[in-house]
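Values quoted throughout were computed directly from the atomic coordinates according to the rules given, and no laboratory measurement underlies them. Being a predicted model, the structure only gives us computed values, none of them experimental. Here Cβ is always computed from backbone atoms with ideal geometry, including for glycine, and neighbour counts include all displayed protein chains.
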Amino acid sequence: MSTKPSHIVPKYPPLIIAITGTPASGKTYLAKKLSLLMKGTYVNLNSLAVKGGLKAGYDKNRQAVIIDEKGLYEAL
């Protein structure tokens, strides 16, 4: 009989780093570099939110989508 566990429980929860800021401030560049350095996964939450129908509006001055943050959090 095997004594190995049927599933592996991670010792720590996954590390999630969220980077926010105004358009063209270098967020994507920084996030992609961090994901490479930390051997993690890069996820563009803006694209994920838009594809998931989680837009709350559009800021014409900044030319940026306004994300439904609560909806995005619940979806994750």
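Quick rundown of the values:
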{"quantity": "Rounded tilt (10° steps) of 27-37 against the dominant C-alpha axis of the chain", "calculated": "20"}
{"quantity": "Using θ = phi - 60° and Karplus 6.51 cos²θ - 1.76 cosθ + 1.60, couplings along the stretch 59-69 (whole Hz; Gly, Pro as x)", "calculated": "8, 5, 5, 8, 6, 9, 6, 9, 8, 6, 4"}
{"quantity": "Kirkwood-type radius of the chain, with distances r between different C-alpha atoms, in Å", "calculated": "15.1"}
{"quantity": "Placed amide H near residue 55: partners under 5 Å, 5+ positions off or other chain", "calculated": "68"}
{"quantity": "Filter on 11/39; 39/60; 32/55; 33/55; 11/70; 27/55 - keep pairs with C-alpha separation over 25 Å", "calculated": "39/60; 33/55; 11/70"}
{"quantity": "Within the chain, trypsin sites (Lys or Arg not before Pro) in DSSP loop having at most 11 other beta-carbon neighbours inside 10 Å", "calculated": "11, 39, 60, 62"}
{"quantity": "15 Å beta-carbon shell around residue 17, net charge (K/R +1, D/E -1)", "calculated": "+4"}
{"quantity": "Distance (nanometres) between label positions extended 7 Å along Cα→Cβ at residue 66 and residue 32", "calculated": "2.9"}
{"quantity": "3J(HN,Hα) from dihedral phi, the stretch 18-24, Karplus parametrisation 6.51/-1.76/1.60, rounded to Hz, x for glycine, proline", "calculated": "10, 10, 10, x, 6, x, 6"}
{"quantity": "Under 5 Å, built H, 5+ apart or other chain: amide partners of residue 64", "calculated": "59"}
